[in-house]
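Trainee: Here it is, the structure in full.
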Amino acid sequence: MECQSATKSPQLPPVLTIDGPSGVGKGTVSLRVANQLGWHTLDSGALYRVLAVASRRQAIPVTDEMALATLASQINVHFDILPDLSDTRVYLDAQDVTPELRTETCGTVASQMAALPAVRQALLAKQRAFRQLPGLVADGRDMGTVVFPDAPFKFFLTASSEERAHRRYKQLKQKGIDVILADLLNEINERDKRDSTRTTAPLVPAADASIIDTTGISIEDVVTCILNQVLKHTTKAT
Ligand code: DC
């Protein structure tokens, strides 16, 4: 199957994958790790979210797999990381769709569309095109298992759903968004279940990924842990 067949090639730019469930801090960790290494980033979840936004505009229902796959192959996404790494603006064509992208509803629809094999296949080439010199930090659910199985550095972040719901709650409150903690926890649990039980590219750690339980650990410590492992590997190789 095409999804599983990326060949190992020493000529390809290096990739560091960071997978894990929603709200585990992958996005923030990825931006900081990439910034330290001077590498590019790929927020693969944003591609699924942009598809959810684009499909809404075209009134394509989540049941129409083929129309969604066609749309997925056509969407034009552009990322703009703020210089202080506090945020990434996401553009669909030339339009900033970031606020719409960040809603819980968009996450849920993205997760439903992400369960469709034809959609995943359509987004595969788009994701692999981000692999450019000097290297790529890619975060998502299947970066280490399907999209970049030959990545030399693979990490899988975990934390209890309660901790993730609390973190998300704090983030949204800080942004002045009113939410109910119990609702967030339900949404996280539902999304985890859908993402990890789907038949195509489910959320599972790659066999060769380092698993980091981030419960009670600061973002800085997770970043340091990842960078130390990269450094150890690079020093050994030279
Ligand atoms: O990381 P996120 O919350 O922005 O992702 C939104 C949804 O997209 C997530 O619930 C499942 C899907 N997704 C996926 O299936 N594979 C990825 N590599 C990234 C995201």
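Trainee: With +1 on each Lys and Arg Cβ and -1 on each Asp and Glu Cβ, how big is the dipole of region 160-236 about its Cα centre, in debye rounded to the nearest 20?
Mentor: Charge dipole of region 160-236: 200 debye, to the nearest 20.
Trainee: Amide H to amide H, which residues 5 or more places from residue 211 or on other chains are under 5 Å from it, using H placed in the peptide plane?
Mentor: Correct list: 156.
Trainee: Taking 0.36 nm per intervening residue step and subtracting the Cα-Cα distance, what contour gain separates residue 73 from residue 190 on full extension?
Mentor: So the chain would gain 39.4 nm between residue 73 and residue 190.
Trainee: Work out how much length residue 65 to residue 221 would gain on full extension: take 0.36 nm times their residue separation and subtract the Cα-Cα distance, in nm to one decimal.
Mentor: Stretched fully, the residue 65-residue 221 segment lengthens by 52.1 nm.
Trainee: Moving to a separate point now. Pairs of Cα atoms under 8 Å, at least six residues apart: use those to get the relative contact order of region 1-101, whole percent.
Mentor: 18 percent
Trainee: Using modelled amide H (1.01 Å from N, peptide plane; none on Pro or chain starts), what sits under 5 Å from the amide H of residue 15, excluding residues fewer than 5 places away?
Mentor: It is 136, 153, by chain and number.
Trainee: If you average over every viewing direction, what projected area does the convex hull of the Cα atoms of region 60-124 give, in nm²?
Mentor: In nm², the orientation-averaged hull projection of region 60-124 is 4.9.
Trainee: Each residue of region 134-149 in turn: what ³J(HN,Hα) in whole Hz from Karplus with 6.51, -1.76, 1.60 and θ = phi - 60°, glycine and Pro shown as x?
Mentor: Result, rounded to whole Hz: x, x, 9, 9, 10, 10, x, 10, 10, 5, x, 9, 10, 6, 10, x.
Trainee: Also, I was wondering about something else. Based on the Cα atoms of the chain, what semi-axes does the equivalent ellipsoid have, where each is the square root of 5 times one gyration tensor eigenvalue, given in whole Å with the largest first?
Mentor: After scaling each eigenvalue by five and taking roots: 26, 22, 17 Å.
Trainee: Further, regarding this structure: Would you please give the residues with an amide H less than 5 Å from that of residue 198, counting only those at least 5 places away or on a separate chain, with H modeled from the backbone geometry?
Mentor: Those qualifying (amide H under 5 Å, at least 5 residues apart or on another chain) are 203.
Trainee: With label points built 7 Å along Cα→Cβ from the Cα atoms of residue 171 and residue 132, find their separation and express it in nm.
Mentor: Between residue 171 and residue 132, the simple spin-label model gives 2.6 nm.
Trainee: Show me, for region 126-131, the HN-Hα J-couplings you get by feeding each phi into the Karplus relation (A = 6.51, B = -1.76, C = 1.60, θ = phi - 60°), rounded to Hz, glycine and proline as x.
Mentor: With the stated coefficients, region 126-131 comes to 4, 5, 5, 5, 6, 6 Hz.
Trainee: Could you go through region 227-233 in sequence order and give the Karplus-derived ³J(HN,Hα) for each residue, using 6.51 cos²θ - 1.76 cosθ + 1.60 with θ = phi - 60°, rounded to whole Hz, and x for Gly and Pro?
Mentor: The phi angles translate into 5, 4, 5, 5, 4, 4, 5 Hz.
Readers should treat all values here as calculations from the given coordinates under stated rules, not as data from a laboratory. This structure is a prediction, so every number in the text was calculated from the model and none was measured. Cβ: placed from backbone, ideal geometry, glycine included. Neighbour counts: every protein chain shown.
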